[in-house]
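Presented below is the structure to which this report refers.
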Amino acid sequence: MKAFILAAGAGTRLRPLTYECPKPMIPLLNKPVIEHTLNNLKKHNIDSVVMNLHTLPEMITDYFGNGKKFGLDIKYSLEETLLGTAGGLKKCQKFFDSTFVVMSGDGLSNVDLTSVIAFHKRKKSLATMVLKKIETKFAYGITLTEKSGKIVKFVEKPTWGSVFSDTVNTGIYVFEPEIFKYIPDTFYDFGKDLWPRLLKLKKPIYAYLMNGYWTDIGNIDEYKQGVKDALFNKIAINIEGKKIKNTEAFVDSGCQIDKTVKFIGKSVIGKNCVIGKNVVIDNGTVIGDNVKIQNDAIIKDSIIWSNTVIGKNVKLHSSIISTKVPSKLSVYNGLLFNIK
C-alpha cells in the first residue's frame, strides 16, 4: 500500500526553529519527527511513500534519499508554489491507483493504520478521517458522526460558539482513488475545502476514533510536550544507545563523559558528545549528536540540538538550544537558536 505525507508547510508557529530546519525534520529523541511517522507506516506494511516538499526541501531529500536505508521507497513532489494540503495530493494523482493513506509529516502518533484501513474498507468509504478525543483545542477541525461512524458535520478550526464535539481531526486519512474527482487543479485544502464538499455531496465518508497516542508538533509548547511524552513512554519510540548503570540516562556511541557527571531522572544523549566535569544532566533532558558541554553546567528538562556548545557554569531549564551558549548564562523556559 502507498502513502502521501504532507511535508511542505513553512512551520510558522514553530519559528525560530523552522528558519533553518523544515518542520518535519525537527528532532524528536534525536530523529526527525517525520521518521517516526515513516516507521509507523512501515510497521503496517505501507512501504511506498510520496512526500510533497517546499520549505528547505534538500534537508529532507538529503536525509531520506530514495528511502532504501529505511526499508521504504520514497519519492518527492516539489511545490515551487504551495498548493494546499489537498492540492499537493492532486499533483501526485498518477501515483495512487488503489486505497492509500495520507499523514502529516509533523504529527506524532502510533495510530493503528491496519485497523483504520480495515474499517475504511468495511464501511466501503470513499474517505475516512481518523479522529482523536482531546481536551478542547480550537486549532483543529472538529467532527460529529453517527453511531456507524458516518460523518454528518465538520468544522475546520471552529470558534467558541460553534463547538459541538470533543473529537478532532488528526490529519490522518484513508482515501480511494476516486477522491481525485473532487479535488480541482488549484490551491485546495482538506479541512476548508474537500471535507465540506464531500459532506455537501453526501458521499460515503466515515470517521475512525483512535485510542492510541497522537499530537501535532505545531508550536513550541506542543513540540516540547511531544518530546517529553516520547521520553517518558506515552508513545513507544525506540531510544538509541545504552543505559548508564544505576541511572535512567541513555547514551549513544562515541561519547566522552567525565566520571563526575551527575544524572538525575531520565535523559537521552546522542552520538559523539563530550560532557565535562561536574555537569548535571537533570530529568527530561534530550541532547543531540556532537554536543559539547563544558564544566559545571546544569541542564534540566531541556532539548539541546546537535552540534551545540554549552559553556562553563551555564544553567538551562525547560529550554530549547541550538547555538553556542556563553559561559555563566542562565536560561529558563527560553529559546537560544542559531538563525542563519
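For the reader, a short list of remarks on this structure follows.
- Of the residues Asp62, Asp282, Asp296, the one that moves most in a GNM of the chain with alpha-carbon contacts below 10 Å is Asp62.
- Cα-based shape type of region 266-312, given that a ≥ b ≥ c are square roots of the gyration tensor eigenvalues and the cut on a/c is 1.5: oblate
- Highest-fluctuation residue, Met25, Met51, Met59 considered, GNM on the chain with Cα pairs under 10 Å: Met59
- The smallest convex shape that holds all Cα atoms of region 177-223, its convex hull, gives 136 Å³ per residue.
- Binning the C-alpha pair distances of the chain at 20 Å intervals from 0 yields a P(r) profile of 30, 52, 17, 0 %, listed from the shortest bin outward.
- Cα-based helix-to-principal-axis angle, 33-43 vs the chain, degrees rounded to 10: 60 degrees
- Acute angle (nearest 10 degrees) that the helix 220-231 long axis makes with the longest principal axis of the chain, alpha-carbon atoms: 80 degrees
- For the chain, the mean residue ellipticity at 222 nm estimated from helices alone is -4500 deg cm²/dmol, where every DSSP H run of n ≥ 4 contributes -39500 (n - 2.57) and the total is divided by all residues, rounded to the nearest 500.
- Cα gyration tensor shape for region 1-69, rounded if a/c is under 1.5, else prolate or oblate: prolate
- Of all the options Gly241, Gly11, Gly105, the one that moves most in a Gaussian network model of the chain with Cα springs shorter than 10 angstrom is Gly241.
- Viscosity 0.890 mPa s, 25 °C: Kirkwood-radius Stokes-Einstein D of region 242-337 over Cα pairs, µm²/s: 195 µm²/s
- As a proxy for reagent exposure, ranking Met210, Met103 by other Cβ atoms within 10 Å from fewest up yields Met210, Met103.
- The charge dipole of region 207-277, taken about its Cα centre with unit charges on the Cβ of Lys, Arg, Asp and Glu (plus for the first two, minus for the last two), comes to roughly 500 debye.
Only the coordinates and a few stated rules stand behind these numbers; no lab work does. Not measured: the values here are computed from a predicted model. Using ideal geometry, Cβ is built from the backbone for each residue, glycine included, and neighbour counts are taken over all protein chains shown.
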